[in-house]
Amino acid sequence: MQTKVLVVDDESALCELMEAVLSSAGILVNTLTDSRAAAVRLQKEKFDAVFLDIRMPAPDGFELSRQVRAGGFNQKTPIVMMTADNNPAALRHGFEAGASFFLFKPIDRGRLMRVLRATQGSIQREKRRFQRVEVRCKVIIYSDKTKLEGTTLDLSLGGLLALTTVVLPAGSRVEVHLTLGPDGPPVRGVGKVARVLGEDRMGIELDQISTAHSERLQEFLLPLITQLCPKD
């Protein structure tokens, strides 16, 4: 099925540019300059990715993102926030509102296609929040008084598949500590066991992670995700 995205920006010229570039890549593009109309459409229609301008008449991109993440068809759809502001506070605000990636203005084909490649994994994998990358990292999983040590079999911005000697029941709340490299403290997040695969594997969905740890995880995974996607 053709990939379908929604672009929301109150500047019609930018919408036209986005539509031209994405359409040339075989993407079905829907554009809206009215954020109120976008809020209604996002509740009624499923998209594979959503591009939101941060600065718009109410509801702005932050509020639209929060509405999407609160529930509905697009709760787990990748959200790319578009902005000319690279201030860390703005980025933190965006991640806290539910942004998956940022696309910085002025937008050109190269930047847009790099972000699009980064989101392709999540678009193609059925209802998975982000591209899963086969990567081995040390992981420690805490649940109540239980501590499990193991390794990741795959990892994404929204979760991981862990190999451990013992598995926890599906639905168990867990705290995860990921060691992404030889330097720096582990990335920490909280989530639940979403599925159990046999006696030694479990999929964990992360639903609580700080902005700083989310940014570190994205920095680690983004180059790996890009390598898996075909170049334009």
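The values are calculated or read from the model by the stated rules, or taken from the named source; none is laboratory data. These figures come from a predicted structure and were not determined experimentally. In this analysis, Cβ positions are derived from the backbone assuming ideal geometry, glycine residues included, and neighbour counts consider all displayed protein chains.
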Going residue by residue through segment 72-80, is there one that turns out to be without any contact (Cβ under 8 Å) to a residue 24 or more places away in the chain and more than 21 Å from S156 (Cβ to Cβ)?
no
Within segment 48-65, does at least one residue satisfy the condition of being modelled with pLDDT under 90, within 15 Å of the chain's Cα centre (by Cα) and in the same structural domain as F95 (by TED's automatic domain parsing)?
yes
Strands (runs of 3 or more DSSP E) fully within segment 27-92 counting 3 or more residues that are surrounded by 21 or more Cβ atoms within 10 Å (Cβ to Cβ)
49-53, 79-83
Taking G203, is it under 23 Å from the mean Cα position of the chain (by Cα), assigned to a loop (DSSP other than H, G, I, E, B), outside the structural domain of P78 (by TED's automatic domain parsing) and not charged (D, E, K, R)?
no
With respect to the numbered conditions (1) farther than 28 Å from E215 by Cα; (2) modelled with pLDDT of 90 or more; (3) within 20 Å of the chain's Cα centre (by Cα), which one is the sole condition not fulfilled by L32?
(3)
I'd like to check something: does segment 26-42 contain any residue that is more than 18 Å from V115 (Cβ to Cβ) and of a type in the set (K, R)?
yes
Look through V174, V139, V167 and report the one residue that is assigned to a loop (DSSP other than H, G, I, E, B), farther than 23 Å from P78 by Cα and touching a residue at least 24 places away in the same chain (Cβ under 8 Å).
V167
Tell me which residues, restricted to segment 154-178, are surrounded by fewer than 18 Cβ atoms within 10 Å (Cβ to Cβ), modelled with pLDDT under 95 and under 20 Å from the mean Cα position of the chain (by Cα).
D154
